[in-house]
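The values are calculated or read from the model by the stated rules, or taken from the named source; none is laboratory data. Not measured: the values here are computed from a predicted model. FYI the Cβ positions are ideal-geometry reconstructions off the backbone, even for glycines, and counts take in every protein chain you see.
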Amino acid sequence: MGKGLSVLVAALAIVLALSVLVGISFGTVTLPLGTVWRVVLSHLGIGDVVKGGDDQIIWQFRTPRVLLAAVVGGGLAVAGTALQVLARNPLADPYVLGVSSGASFGAVLAVLLGSSALGGLGISGAAFAGATITLILVFTLAQRAGRIGPARLVLAGVAVSYLTTALTSLVQLQVNPLELRGTMFWMLGSFAGAGWDDLRIPTVVMVLTTAWLVVRGRWMNVMTTGDDTASGLGVDTNRFRIELLVAASLLTATAVAVAGGIGFVGLLVPHMTRLVVGPDHRRVLPVAALGGASFMVLVDLLSRVFDRPNEYPVGIFTAVLGAPFFLALMRRASKGTA
Amino acid sequence: MNVEVRGVRLAIDDVVIVHDATMVVAPGEVHGLVGPNGSGKSTLLRCLYRALRPAAGTVLLGGADLWRDLSARVAAHRRAVVTQDATADLDFTVRDTVAMGRTAHGGLFGHYAQEDDRLVDAAIAEVGMTWAARRMVATLSGGERQRVYLARAVAQQAPVLLLDEPTNHLDVHAQLELLGLVRDAGLTTVVALHDLDHAAAVCDRVTVMRGGHAVVTGAPADVLTPALIEDVFRVRVHVGTHPLTGALHLTFAPLSTTPKEPT
């Protein structure tokens, strides 16, 4: 099974590289393509150094933002894949466990109170803390006698997510209109303002977690056959479920902390991947990671050029593209169980 | 490898399902678990395949405590399982499904050794499914699927085989064929069976369960007496000899039946 996968992964890597180049080439401000290429090449050590505003727009603003979109898109796709295995539910995604809404709550709280009130956490830090606290809460609610049931996990996630969403709305009504726009943008997700510094932690988390899950691909396959069968085949299902939960949370919390709440990528990409490469997670994970990265880069580009010079939150576009897919999937799933 | 269940109590959400089960399965024997619905057969098996931790008592596999001495992975080197929940994901091919039997033997990166390939092919051949190796499990009949799950357990290369009502939903031919394959596998086997007649024909010994207690263990001919069956299963029974095979043969009638005078 190795050869076909290598070809597909190589092809997707090329698609991703092209998406990144396209993402860097177009944007709110129109620059000649020749300039864009010269700047990128100069920073890769080829050709002359380009000075001035063009260099700054392309290398300090666009490039890190496009790369962050790739990292976050890939991370969310991998997180969704893990959560679907963990919850044994095709409709699971990072939103279902309330991680995204918990992070949003942390972020708007930081906006309202100022970061000093939260012990010097910035908005990202507050979002990460919100995601982590939500997760511990969901996790505690979902377990019973030391075991985590998939159905209980989803229900606890949905309940907690409603609660944090309500609290977020409450806080939003207290902030002034200018800040409100900022929190809105953040809740729907955006890569605007990303710099090179924002890229480091998400990249490390994303690469290490994905690699770890690929190593666990066989166990993920076995998990889809049911808890009893998985136990029989030698997987400690409860421990592995916790492992998957930690991996998915780490990915989601990191992504939400840097880019806000971006829905549907974690749902859409794993399913499209499974349609193409089948159910084997050793294939699904790398393909979903690369596919999610390209998808997010292109959606981010759409958010910038849709109504120039205005920028829109990416969450709007992922939802517009993702909702019909979600509904189609739901209709198919309910047909299957009826 | 022998299997020992000693004073096991099992509860699900604080409801005690198995109160006190003790049984010893000798190496190489086919051991049946029989009893009415709700008697605790499946629950006891779930404990043996390490999905349910006992509230009291111990389970020993070849002398090692399943819960204290063996990890999930090492336990899978000692016993393989055919469960009732094995229907969840049918998107895998027969070969990929059977290859899952090698999960506990894989290296860190989950790659297959050549040895794994050979064992998987041999297991598929053993249950007569080589012709369907590349087919999706979803396209197979119930009996064929059950053979695939048996092959997955065989590929695990464990000395003990556990099966939870493997003949459910199968037609008569598929039932007999599957039980024949289980016998031919030659492993120490614990099988929960609904059908007492199958248990009588296939098992070396049976343990009868009622209301969460293991009532009695012994050879089918000694244990499955009219008095016990009437008492535990609340049916009238005629114990005879199968006219074709010579095996123990049970025929049932409602408790209210008045036996006809022999003619």
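Observations on the model:
- Candidates A:S169, A:S161, filtered to the one that is away from chain B (no Cβ under 14 Å), in contact (Cβ under 8 Å) with a residue 60 or more places away in the chain and among the hydroxyl-bearing types (S, T, Y): A:S161
- A:G102 being surrounded by 24 or more Cβ atoms within 10 Å (Cβ to Cβ) and more than 30 Å from A:L16 (Cα to Cα): yes
- Look at the stretch A:116-132: where a residue is within 21 Å of A:D197 (Cβ to Cβ) and a partner is at pLDDT below 75 and of a type in the set (S, T, Y), sitting 6+ places away or on another chain with Cβ atoms under 9 Å, you get A:L121/A:S115; A:G122/A:S115; A:I123/A:S115; A:G125/A:S115; A:A126/A:S115.
- Residue that is nearest to the other protein chains (Cβ to nearest Cβ) [pool: residues in the stretch A:196-212 that are touching a residue at least 60 places away in the same chain (Cβ under 8 Å) and either touching a His at 6+ places or on another chain (Cβ under 9 Å) or of a type outside the set (D, E, K, R) (or both)]: A:T210
- B:T43 exposed (fewer than 15 other Cβ atoms within 10 Å of the Cβ), closer than 28 Å to B:V235 by Cβ, modelled with pLDDT of 90 or more and more than 10 Å from chain A (Cβ to nearest Cβ): no
- Qualifying residue in the stretch B:99-111 (condition: more than 29 Å from B:K41 (Cβ to Cβ), in a helix (DSSP H, G or I), within 11 Å of another protein chain (Cβ to nearest Cβ) and at pLDDT 90 or above): yes
- Considering each residue of the stretch A:132-143 in turn, at least one proves to be of a type in the set (S, T, N, Q) and within 27 Å of A:R65 (Cα to Cα).
- Answer residue from the stretch B:81-90, given it is assigned to a loop (DSSP other than H, G, I, E, B) and more than 7 Å from chain A (Cβ to nearest Cβ) and is modelled with the lowest pLDDT among those: B:T87
- A:G193 satisfies every condition listed in (1) over 30 Å from A:V314 (Cα atoms); (2) more than 10 Å from chain B (Cβ to nearest Cβ) except (1).
- Qualifying positions in the stretch A:229-244 - closer than 19 Å to A:V214 by Cα and facing chain B (nearest Cβ under 7 Å): A:L233, A:G234, A:V235, A:D236
- Among the residues of the stretch A:160-186, those identified as surrounded by fewer than 14 Cβ atoms within 10 Å (Cβ to Cβ) and more than 14 Å from A:L113 (Cα to Cα) are A:Y162, A:A166, A:S169, A:P177, A:L178, A:R181.
- The residue that is farthest from A:V71 (Cα to Cα), counting only those in the stretch A:213-237 that are without any contact (Cβ under 8 Å) to a residue 40 or more places away in the chain and of a type in the set (A, V, I, L, M), is A:L233.
- Index of the failed condition, A:G193 passing every other in (1) on the phi > 0 side of the Ramachandran plot; (2) surrounded by 18 or more Cβ atoms within 10 Å (Cβ to Cβ): (2)
- Filter result for A:V215 (at pLDDT 85 or above and more than 14 Å from chain B (Cβ to nearest Cβ)): no
- The residues on offer are B:A133, B:A201, and the sole one that is of a type in the set (G, A, S) and modelled with pLDDT of 90 or more is B:A133.
- Residues of the stretch B:52-80 that turn out to be more than 9 Å from chain A (Cβ to nearest Cβ), part of a strand (DSSP E or B) and of a type in the set (A, V, I, L, M), as a count: 5
- Extreme residue, nearest to the chain's Cα centre (by Cα), among residues of the stretch A:304-324 that are in contact (Cβ under 8 Å) with a residue 12 or more places away in the chain and in a loop (DSSP other than H, G, I, E, B): A:P313
- Filter pass, B:E115 being among the charged types (D, E, K, R) and on the phi > 0 side of the Ramachandran plot: no
- A:L170 vs. criteria over 24 Å from the mean Cα position of the chain (by Cα), farther than 20 Å from A:L250 by Cα and among the hydrophobic types (A, V, I, L, M, F, W, C): yes
- Only listed residue being among the β-branched types (V, I, T), farther than 25 Å from A:F240 by Cβ and not in a helix (DSSP H, G or I), chosen from A:T28, A:T63: A:T28
- Test: residue in the stretch A:150-159 that is out of contact with any helix residue (DSSP H, G or I) (no Cβ under 6 Å at 6 or more places or on another chain) and on the phi > 0 side of the Ramachandran plot: no
- Any chance B:R78 is at pLDDT below 90 and either in contact with a Leu (Cβ under 8 Å, 6 or more places away or on another chain) or farther than 27 Å from B:V98 by Cα (or both): no
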